[in-house]
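Read the structure below first, then the notes.
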Amino acid sequence: MENKSKQDLTVQRDSATLSVWQRNAIMPDLQQTKGFNRDQVYDCLIVGAGITGITTALLLQQAGLNCVIAEARSAGFGTTSGTSAHLNTFFDATYPEIESDFGHDAAKLTAQAGKEAFDIICSFVKDLKIDCDLEFKQAWLYAENEKENKELIQILEASKRAGLQVEIATESDVPVPFSTVIKFEQQGQFHPLKYINGLLAEYIALGGILLENTPIISYEPEGDSHIAKAGSVAIKANKIVYATHMPPGINLLDLSNAPYRSYVIGLRLKDDQYPAGLAYDMQEPYHYFRTHIIDGQKYLLVGGEDHKTGHGDPDKAFENLKTYVSQYYKVESVDFEWSAQYYVPADGLPYIGQLPGHDQDIFVATGFNGNGMMFGTLSGRIIADLILGKKNKYQQLFDPSRLKPLAGFKAFVKENADVAWHFLADRFSFERLDELQKLKAGEGKLVKFEDKQLAVYKDATGKITALNPTCTHAGCIVQFNHAEQSWDCPCHGGRFDISGKVLNGPPTQDLEKIIINYDLQV
Ligand code: FES
């Protein structure tokens, strides 16, 4: 498996598995820290160097502002290197759902927002001559039973009302039997790491600063500006944008976003029956298909089997995907399997704008559902406009402090009931220490040891690492993710590597290491 050779790669990711985008992807040496002046007050500090942060920073830098991007690890380390890189103008929140919860005008505006995000990407690719495999595609969405038929027709009609180019089709792009299929025009795909490389190169050329390995833990006001700290590094800035999915600390967004893991496999076929376009079913959990050529080799990308972070079985998700695809394609080999994280907003639409509960100079962009490339790009436009004092027509629709007591209420209650359950129940589900004897290399487990709760992990040499499993964000108990070799928090999606180091916020503090006066070499 390609997954085993990750240490040789320049582009690192927040997970142990290797995504297809990491294959031979090398982030260029951009002289990133050159020019950083710790005494200067920058116009804007952008926290996070994924597609959201880099797009925001570039748009601001192009407008003449002086920006710093502070990235906890390296550019593209988060979901941008694990995305399936679809560029869709129809979203996980369907147009019938948006119409029903927010009204017809909001559905139209959301469709325009999707088109604008796509236009921004196309303009950057053209103007900056970014070689990122950008392609326009048709996309098929198909129903396989009566219930799905009905829903699909509603999606068709509401999508048309919202302004999308979509129609009933007579055939699909994938060999999955369907009862009804619709076809969207003007959809797309690209290579996300090549794309953000191109944006970053321009950002640096315009004098933008990128500080990698700079995890921002907190900020505080200083006169009319702010000072943000990452260890001994202090960055002064008038505005701060959190482009990290969830901002640090505990806030309203923790209650209105549910973290999910999504799975993708990249495989070669025995024949050349790769789909030309994008295809999606309507199952729960759903599946999708698309093709990408990397270094001359075609790969069929098949994804789905999503579940809440810290809840499902990642190994089973990969197995299910393999079983599913083998029903329809002659698989030569599965070369890649990886997962990534995204956040499902309670009412279906992303939260982009001023961070609730903070002063007006602090911004956030999160809750992108599975549409991160589009909403990440759109966030850049919206937040850049807000910072530049321009009006943005999407500002109100995606305002993080919007109050929609009816929209998504059921999901909101469900997600939060789940959070409460984990606060209470996890503490009673630990295994006995003698279970360590049965722990296999590469496995982690929660155990009780001398009245202490421990998250223990055994590496390939048999060495055990013990951590306090209490998430440093709000105290939930982390769960082991075997596929990604990480400890994942089921409450708000915080993730930690096997040494306890933060991989994904909202936590900013590592898990506490536990030193045990006991020989745990078992
Ligand atoms: Fe919030 Fe762990 S991420 S408690």
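The values are calculated or read from the model by the stated rules, or taken from the named source; none is laboratory data. Note that the structure is a prediction, hence the values are computed from the model and not measured. Don't worry about glycine lacking a Cβ; one is built from the backbone with ideal geometry, like all the others, and counts go over all protein chains shown.
General remarks:
- For the range 339-354, residues that are of a type outside the set (Ser, Thr, Tyr), assigned to a strand (DSSP E or B) and at negative phi total 6.
- Note on the range 230-243: residues that are small (Gly, Ala, Ser), surrounded by fewer than 24 Cβ atoms within 10 Å (Cβ to Cβ) and part of a strand (DSSP E or B) amount to 2.
- Residues of the range 135-167 classified as touching a strand residue (DSSP E or B) at 6+ places or on another chain (Cβ under 6 Å) and of a type in the set (A, V, I, L, M), total: 6
- When the test is whether a residue is surrounded by 17 or more Cβ atoms within 10 Å (Cβ to Cβ), of a type outside the set (Ser, Thr, Tyr) and assigned to a helix (DSSP H, G or I), Ile121 passes it.
- The condition of being more than 19 Å from Gln189 (Cβ to Cβ) and aromatic (Phe, Trp, Tyr) holds for only one of Tyr242, Tyr280, Tyr263, that being Tyr242.
- The range 161-170, subset surrounded by 15 or more Cβ atoms within 10 Å (Cβ to Cβ) and not hydrophobic (A, V, I, L, M, F, W, C), residue nearest to Leu109 (Cα to Cα): Gly163
- Residue that is assigned to a strand (DSSP E or B), in contact with a helix residue (DSSP H, G or I) (Cβ under 7 Å, 6 or more places away or on another chain) and not polar (S, T, N, Q), where the choices are Ile182, Ile155, Ile196, Ile227: Ile182
Yes/no matrix, rows are residues, columns are (1) of a type in the set (Gly, Ala, Ser); (2) surrounded by fewer than 16 Cβ atoms within 10 Å (Cβ to Cβ):
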residue	(1), (2)
Ser172	yes, no
Tyr195	no, no
Pro221	no, yes
His245	no, no
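- Residue within the range 390-401 that is hydroxyl-bearing (Ser, Thr, Tyr) and assigned to a strand (DSSP E or B) present: no
- In the range 107-119, the residues that are closer than 21 Å to Pro96 by Cβ form Cβ pairs under 7 Å with partners that are of a type in the set (Asp, Glu) and assigned to a helix (DSSP H, G or I), at six or more places apart or across chains, as follows: Ala107/Glu99.
- Output for the range 477-492, where each listed residue is within 13 Å of the ligand (Cβ to nearest atom), in contact with a helix residue (DSSP H, G or I) (Cβ under 8 Å, 6 or more places away or on another chain) and touching a residue at least 60 places away in the same chain (Cβ under 8 Å): Pro490, Cys491, His492
- The range 199-224, residues that are assigned to a helix (DSSP H, G or I) and farther than 30 Å from Ala111 by Cβ: Ala201, Ile204, Ala205
- Taking residues in the range 51-67 that are of a type in the set (S, T, N, Q), and partners anywhere that are assigned to a helix (DSSP H, G or I), the pairs with Cβ atoms closer than 6 Å and at least 6 places apart or on different chains are Thr52/Gly376; Thr52/Ser379; Thr55/Thr377; Thr55/Gly380; Thr56/Gly380; Thr56/Ile383; Thr56/Ala384; Gln61/Tyr203.
- For the range 146-181, the candidate set comprises residues that are among the polar types (S, T, N, Q) and within 19 Å of Asn88 (Cα to Cα); within that set, the residue that is modelled with the lowest pLDDT is Ser172.
- Hits in the range 199-219 (condition: under 14 Å from Thr55 (Cβ atoms) and either crowded, with 19+ Cβ neighbours inside 10 Å or of a type in the set (Asp, Glu) (or both)): Leu199, Leu200, Glu202, Tyr203, Gly208, Leu210
- Matching residues, the range 493-511, being part of a loop (DSSP other than H, G, I, E, B), modelled with pLDDT of 90 or more and within 16 Å of the ligand (Cβ to nearest atom): Gly493, Gly494, Gly500, Lys501, Pro506, Pro507, Thr508, Gln509, Asp510, Leu511
- In the set (1) buried (at least 21 other Cβ atoms within 10 Å of the Cβ); (2) at pLDDT below 95; (3) in contact with a helix residue (DSSP H, G or I) (Cβ under 8 Å, 6 or more places away or on another chain), Leu253 fails one condition alone, (3).
- Sub-6 Å Cβ pairs linking a first residue in the range 171-193 that is touching a residue at least 12 places away in the same chain (Cβ under 8 Å) and on the phi < 0 side of the Ramachandran plot to a second residue that is among the β-branched types (Val, Ile, Thr) and part of a strand (DSSP E or B), at least 6 apart or interchain, are Ser172/Val181; Ile182/Val166; Ile182/Ile168; Phe184/Val166, ordered by first then second residue.
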